[in-house]
Amino acid sequence: MKPREVYKSNEIFRRLATKTAHGVGHPLTFTGALLVVLVWGGTGHFFHYSDTWQLVINTGTTIVTFLMVFLIQNTQNRDSHAIHLKLDELIHAHKHARNRMMALEELSEHELDELQHEFDRIASEKVQEVRERASSSRIIDRSSATSKEAHSAR
């Protein structure tokens with residue numbers, strides 16, 4: 001295949017995957033699938049709950065599930081990639097951000113763990129700062145309330 005043909009087939013698949021993923025997430029699609037199962041269940045008596053009757057629903061659901069895995073994964077990959085690009089742009093645009101954060105997906109598990117520990121430490125420090133500020137503001141609020149009560153009693 002020529003590069004232009006590959007691009008065109010990828011674009012067709014992308015559109016199909018996106019539309020399908022959006023379509024199967026719609027409440028009407030769920031209702032339709034539920035109706036199919038209810039009709040299938042309702043016909044069991046007429047087919048004497050035979051192996052063939054069971055095979056129909058098993059085969060149908062297996063095929064649909066198999067195909068949906070690929071379509072939904074494609075859509076998830078594209079969404080994830082777009083989010084990464086948006087975050088990279090934000091990191092790049094902020095003068096105090098560490099630009100090495102733009103390629104985190106390229107780090108090893110060990111390097112990601114080290115970075116996670118760093119952020120855990122930073123988060124703990126920030127939580128402590130918030131608690132200290134909250135505690136000191138309650139003390140200030142209590143003392144100002146006491147002063148107001150004393151002043152209004154005079």
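None of the figures in this text is laboratory data; all of them are computed from the coordinates on show. None of these values were measured; they are calculated from a predicted model. Ideal geometry is used to build each Cβ from the backbone, glycine not excepted, and the neighbour counts take in all protein chains shown.
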Label selected from [x] 72, 15, 12; [y] 57, 14, 14; [z] 55, 31, 16, the criterion being semi-axes √(5λ) of the Cα gyration tensor in Å as computed here: [z]
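Taking R0 as 41 Å, what's the FRET efficiency between Ala33 and Lys8 from their Cβ-Cβ distance, rounded to 0.05?
0.80
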Mean-position separation - Cα centroids, the range 5-22 and the range 24-78, in angstrom: 23 Å
The chain, relative contact order [Cα under 8 Å, separation at least 6], %: 19 percent
Protection-proxy order for peptides 41-52, 18-29, each taking the mean of Cβ atoms within 10 Å per residue, highest first: 18-29, 41-52
Kyte-Doolittle at least -1.0, axis length at least 27 Å by Cα - qualifying DSSP helices, the chain: 3-24, 51-93
GNM result for the chain, Cα springs below 10 Å: residue of Ser136, Ser80, Ser108 fluctuating most strongly: Ser136
Charge dipole (debye, nearest 20) of the chain; +1 at Cβ of Lys and Arg, -1 at Cβ of Asp and Glu: 780 debye
Mean residue ellipticity (222 nm) of the chain, computed from DSSP H runs ≥ 4 via -39,500 (n - 2.57), nearest 500: -29500 deg cm²/dmol
Protection proxy ranking of 87-93, 129-135 - average other beta-carbon atoms within 10 Å, highest first: 87-93, 129-135
